[in-house]
1. Output the helices (runs of 4 or more DSSP H) that fall wholly within the range 218-322 and possess 1 or more residues being closer than 17 Å to residue 200 by Cα and touching a residue at least 60 places away in the same chain (Cβ under 8 Å), or say none.
2. Just a yes or no: is a residue in the range 197-210 under 21 Å from residue 145 (Cα atoms), open to solvent by 10 Å² or more (accessible area, probe 1.4 Å) and not β-branched (Val, Ile, Thr)?
3. Filter the range 285-313 for residues that are more than 19 Å from the chain's Cα centre (by Cα) and open to solvent by less than 20 Å² (accessible area, probe 1.4 Å) and give the result.
4. Name the residues in the range 123-142 that are open to solvent by 20 Å² or more (accessible area, probe 1.4 Å), in contact (Cβ under 8 Å) with a residue 60 or more places away in the chain, more than 18 Å from residue 248 (Cβ to Cβ) and out of contact with any strand residue (DSSP E or B) (no Cβ under 8 Å at 6 or more places or on another chain), would you?
5. So which residues in the range 165-186 are open to solvent by 60 Å² or more (accessible area, probe 1.4 Å) and at pLDDT below 90, if there are any at all?
6. Looking at the range 143-159, I want the residues that are touching a residue at least 40 places away in the same chain (Cβ under 8 Å) and hydroxyl-bearing (Ser, Thr, Tyr) and have a partner that is in a strand (DSSP E or B) and surrounded by fewer than 22 Cβ atoms within 10 Å (Cβ to Cβ) with Cβ atoms under 9 Å, at least 6 apart or on another chain. Which pairs are those?
7. Would you pick out the residues in the range 204-216 that are assigned to a strand (DSSP E or B) and touching a Leu at 6+ places or on another chain (Cβ under 7 Å)?
8. Are any of the residues in the range 256-269 open to solvent by 10 Å² or more (accessible area, probe 1.4 Å), at pLDDT 90 or above, of a type in the set (Ser, Thr, Tyr) and farther than 24 Å from residue 89 by Cβ?
Amino acid sequence: APVHGARLSRLSLGMALTRKPPRRVWTLRSAPPGGLSNFGRAGEVLIAMFDTRPLQRWASGGVGAGSYDYWSLAARLNQLYACRHGYDFRYFLEVRASGEAVPQVNVLDDSGNSPSKVAGTCLLRGAEWRATSWCKLAAVALGLSHGYRTVVMIDSDAFLRSGRLSLRIDELVADHVAKRHGEWSFASQRNGGPRTPLWMAGNAPFKPAQPNAGLQVWRGGPLLNSSWDALRRWWAADVGDFHNRHHPYEQAGINRTLERGRDYGVLLGLEWLNKSEWRSLPAAHISSVSRFDRMRVLAATLANIRGSFLQRCGQMPNATSIDATRTAERLLERRATQSREHARE
């Protein structure tokens, strides 16, 4: 039965880990189309990011001179979170198998719908170009296909804390299903339960009752088939050319294809877009601000982490190549088409 605004039991979510998986060393190789051969042995939980920008250093002076730019700082913070809890981490970098150039988000101004941000990065059914934000669904599919019990996809301007506020993924979900303060009350809303395959952050302060796809927690294991079904329907959403390449991108497809409570739940207590809440939450989404503000917040967060912990967790992660179009064709489109044909037979 669906849970109505109450705190979910951590055990009822079925996401608690009985043991920490061994830390694995990943060896990167040249990947065939779809990146399906270099993923390695699956662990329990995957923390993932997707971007078209390589992990790089900011070397033009000014704010953050000599350090990594914001998407790389976010990658480091998320890798440290994964390290703390014994999870795997992957920064998926779009690399076309054909060798053609990948549209780059404008590194000087990626706010709003700049021409580079809305450029087509991956194709839906080989015909409709979609912006980068859509393509992270293909990376989720790659994680699920490799046996992870939980796949967490997080945006490139967001991070999960590894310090005193840090929570395991099962704890983060259980502790933030209900909104605990403020003027809004969602206790009567059907918001998912132990059998819900996908959880997303809340979209407060903009649309508090709605999901924010910058944090997606997908569940495998006994809910794997439900996750695949929801992911394929979301990917196939017919949102028109505008929302294929303009804000709110993939979020425009949620209400058209997914049912709240059955397919997804919203972490109403995780107001991670609310600047006033950033210091008190286990995750923060540094959005709707300038690139330089993102760098300041992320760099300051990283500077507060103990050097001994940084050393234990190793160097900045390498990127893993993925061709999102080929991956979607293999995992989100071809199998879905085969299933429909089999049903007709």
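1. The qualifying helices (runs of 4 or more DSSP H) are 224-235.
2. no
3. Answer for the range 285-313, where residues must be more than 19 Å from the chain's Cα centre (by Cα) and open to solvent by less than 20 Å² (accessible area, probe 1.4 Å): 291, 295, 313.
4. 125, 126
5. Of the residues in the range 165-186, the ones open to solvent by 60 Å² or more (accessible area, probe 1.4 Å) are 168, 180-185.
Hits for the range 165-186 are 180, 181, 182, 183, 184, 185.
6. Correct list of pairs: empty, since none qualify.
7. Here is the first cut: in the range 204-216, the ones assigned to a strand (DSSP E or B) are 207-216.
Hits for the range 204-216 are 212, 216.
8. Taking every residue of the range 256-269 in turn, at least one turns out to be open to solvent by 10 Å² or more (accessible area, probe 1.4 Å), at pLDDT 90 or above, of a type in the set (Ser, Thr, Tyr) and farther than 24 Å from residue 89 by Cβ.
The values are calculated or read from the model by the stated rules, or taken from the named source; none is laboratory data. Fair warning: this is a prediction, and the values are worked out from it, not measured in the lab. A quick note on method: Cβ atoms are made from the backbone with ideal geometry, for glycine too, and the neighbour counts reach across all protein chains shown. Please note that ligands, DNA and RNA were not included when accessible areas were found on the heavy atoms of the full protein model with its side chains. Shrake-Rupley method; radii C 1.70, N 1.55, O 1.52, S 1.80 Å.
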